[in-house]
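Student: Okay, handing you the structure first.
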Amino acid sequence: MRSTHAGVVIIGGGVLGASAAFHLAEAGVHGVVLLDKGPIASGTTPFAAGQTGYLNRDRVALEFSTYCIEFFERFRDRTGYPIDFRQTGSLRVALTDRYRTDLKDRQQVAAANGDRVEFLSAGQVQRRVPLLDLPPDAAVLSIPRDGWVEPKSVAVAFAAAARDRGVSIRTRLPVTRIETRDGSVCAVHTPEGRIETRWVVLAAGAWTRRLGQDLGLNLPTVPVRHQAFVTAPIAGVLPDQPIVRITEPQVYARPEAGGLLVGGYGYRPLSFDMADFPPHFEIAALEADPVGYRQLSAAAGRFFPCLRDAVVVQERRGLPTISPDGKLLVGEPAGCRGLLVASACAVGGIDRSPGVGRIVAELVSGKPVWGPATALTVDRFGDDFTEDAGLRAGCEEIYAHHYHEVY
Ligand SMILES: Cc1cc2nc3c(=O)[nH]c(=O)nc-3n(C[C@H](O)[C@H](O)[C@H](O)COP(=O)(O)OP(=O)(O)OC[C@H]3O[C@@H](n4cnc5c(N)ncnc54)[C@H](O)[C@@H]3O)c2cc1C
């Protein structure tokens, strides 16, 4: 069998793997090889809504998301490639006391961070999003730094910038096995041969848990279906209107090509074991949940009456990964030195990709650990989720209440 050598092998050229490649090269790490079983961004990444949402209540999470938003604001300067980031802002809506309080807390956090976010009157909301119909007591917090981006362009730009800095990228080359010796990673296997390496970045999206299982690891990250749809152009949708996120029904809507892109959490959450799919399954072939789509459309239609007779022109869906606390997993699991897991995007991998790449690069290059990384370690659940069924149920539950507890 042919054998070559790499400093670092990244498995997966989605947005997380591509960001890791860029950040590793920026950190001066040599011999980085990125492999994908398909083209770049051929997993869940191209189906995302591409929204960013930086305002976290938790201060450590805020430090992480501030790095990410600043990266998006200066993406071209940082990478050399433009990504058409539409910083339209977002409106976060609360309909009940519990979440009205939550919005006030978020406003305070933003103020402490030096950012201006403000509550809007009904008239101000009407001018910004004319087709939004809210009850009179709805609280609406405007977050100007949020926005959205075409998701594939982010992964592509990271990959191109990584290639410019010396990363070798091979597409249509699956990793069939990760080899370990004495508890450390030592090589990956592909149909073209074996690549010796002491670092493997496991950024294989929905397939991450399965690749870990092959090594005897129980990585607490589970693929859960997430769905969104896009309508044909609707008169009254403004091209630069902000994203609308409505907390209680857990729906979001942003403009897309003259229509609305609508998605939401908690609509019939369903996790998957990738072993149940055929060997060459691709995310693009993921079956729709039509009931979930109907529920989502009905929930959003209460606040966007224009959706009731809108024509759907595109469905988007994929398998983002979720951990049992809804936070990322980035780091080395006990018992497998040199394996760096980059997973559990919690339907926010586009948004969080710069921060994930930064942590991976710092871990490989031996820099001091960045504060936010300490909350994202792979082994933080201890023995809590050793059973597959319990882990999947826990992750589905987190997904079911994503807007309520986590975001
Ligand atoms: C409808 C929808 C809306 C979304 N909206 C947003 C949003 O508004 N904002 C946001 O930030 N996120 C959003 N997301 C989530 C976002 O898409 C994900 O967080 C992100 O794409 C995850 O990226 P990834 O790199 O982990 O996985 P993926 O994009 O799935 O990439 C994994 C890659 O690994 C490769 N791979 C797997 N196994 C192997 C192997 N053995 N060998 C080689 N390669 C392998 C795959 O081919 C794939 O290219 C949304 C997702 C969906 C479905």
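Residue by residue, here is whether (1) touching a helix residue (DSSP H, G or I) at 6+ places or on another chain (Cβ under 9 Å); (2) within 27 Å of VAL29 (Cβ to Cβ); (3) touching a residue at least 60 places away in the same chain (Cβ under 8 Å) holds:
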residue: ARG194; (1), (2), (3): no, yes, yes
residue: VAL200; (1), (2), (3): no, yes, yes
residue: ALA203; (1), (2), (3): yes, yes, yes
residue: LEU215; (1), (2), (3): no, yes, yes
residue: ARG225; (1), (2), (3): yes, no, yes
residue: VAL237; (1), (2), (3): yes, no, yes
residue: TYR252; (1), (2), (3): yes, no, yes
residue: GLY264; (1), (2), (3): yes, no, no
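Student: Report whether or not PHE47 is touching a residue at least 60 places away in the same chain (Cβ under 8 Å) and within 21 Å of VAL129 (Cβ to Cβ).
Tutor: no
Student: Filter the stretch 263-312 down to residues that are modelled with pLDDT of 95 or more, in a helix (DSSP H, G or I) and either within 30 Å of PRO135 (Cα to Cα) or small (Gly, Ala, Ser) (or both), then give me how many there are.
Tutor: Count: 18.
Student: Right, another one. Within the group ARG128, ARG106, ARG116, which residue is among the basic types (Lys, Arg) and over 26 Å from the mean Cα position of the chain (by Cα)?
Tutor: On inspection, the qualifying residue turns out to be ARG128.
Student: Quick one: is LEU16 assigned to a helix (DSSP H, G or I) and within 10 Å of the ligand (Cβ to nearest atom)?
Tutor: Yes: the conditions hold for LEU16.
A quick yes/no check of all residues on (1) at pLDDT below 95; (2) in the same structural domain as ALA187 (by TED's automatic domain parsing); (3) not in a strand (DSSP E or B):
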| residue | (1), (2), (3) |
| --- | --- |
| ALA20 | no, yes, yes |
| LEU24 | no, yes, yes |
| VAL29 | no, yes, yes |
| LEU62 | yes, no, yes |
| PHE71 | no, no, yes |
| ASP102 | yes, no, yes |
| GLN108 | yes, no, yes |
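Student: Give the residue that is surrounded by the most Cβ atoms within 10 Å (Cβ to Cβ), with candidates limited to residues of the stretch 71-95 that are in contact with a helix residue (DSSP H, G or I) (Cβ under 6 Å, 6 or more places away or on another chain) and among the aliphatic types (A, V, I, L, M).
Tutor: Looking at residues that are in contact with a helix residue (DSSP H, G or I) (Cβ under 6 Å, 6 or more places away or on another chain) and among the aliphatic types (A, V, I, L, M), I get ALA94.
Student: Another question, if that's okay. Please identify the pairs in which a residue from the stretch 294-323 that is among the basic types (Lys, Arg) has its Cβ atom under 6 Å from the Cβ atom of a residue that is within 14 Å of the ligand (Cβ to nearest atom) and assigned to a strand (DSSP E or B), counting only partners at least 6 apart or on another chain.
Tutor: That search, which allows pairs on different chains as well, returns ARG316/ALA228; ARG317/GLN227.
Student: Shifting gears a bit: Enumerate the strands (runs of 3 or more DSSP E) found wholly within the stretch 152-237, keeping only those where 2 or more residues are surrounded by 15 or more Cβ atoms within 10 Å (Cβ to Cβ) and not assigned by TED's automatic domain parsing to the domain that holds SER42.
Tutor: Per the criteria, 226-231.
Student: Let me ask another. Pick out the one residue from LEU91, LEU120, LEU131 that is over 24 Å from VAL15 (Cβ atoms) and within 16 Å of the ligand (Cβ to nearest atom).
Tutor: Step by step, each of LEU91, LEU120, LEU131 is checked, and only LEU91 is over 24 Å from VAL15 (Cβ atoms) and within 16 Å of the ligand (Cβ to nearest atom).
Student: So ASP58 clears everything in (1) surrounded by fewer than 23 Cβ atoms within 10 Å (Cβ to Cβ); (2) touching an Asp or Glu at 6+ places or on another chain (Cβ under 7 Å); (3) under 17 Å from ILE143 (Cβ atoms) except one condition, right? Which one?
Tutor: (2)
Student: Of the residues that make up the stretch 117-125, is at least one assigned by TED's automatic domain parsing to the domain that holds TYR252, acidic (Asp, Glu) and in a loop (DSSP other than H, G, I, E, B)?
Tutor: Within the stretch 117-125 (the criterion being assigned by TED's automatic domain parsing to the domain that holds TYR252, acidic (Asp, Glu) and in a loop (DSSP other than H, G, I, E, B)), the answer is no, since none of the residues qualifies.
The values are calculated or read from the model by the stated rules, or taken from the named source; none is laboratory data. Small disclaimer: the values here were computed from a predicted structure and weren't measured. Reconstructed Cβ throughout: ideal geometry from the backbone, glycine too, with neighbour counts over all protein chains shown.
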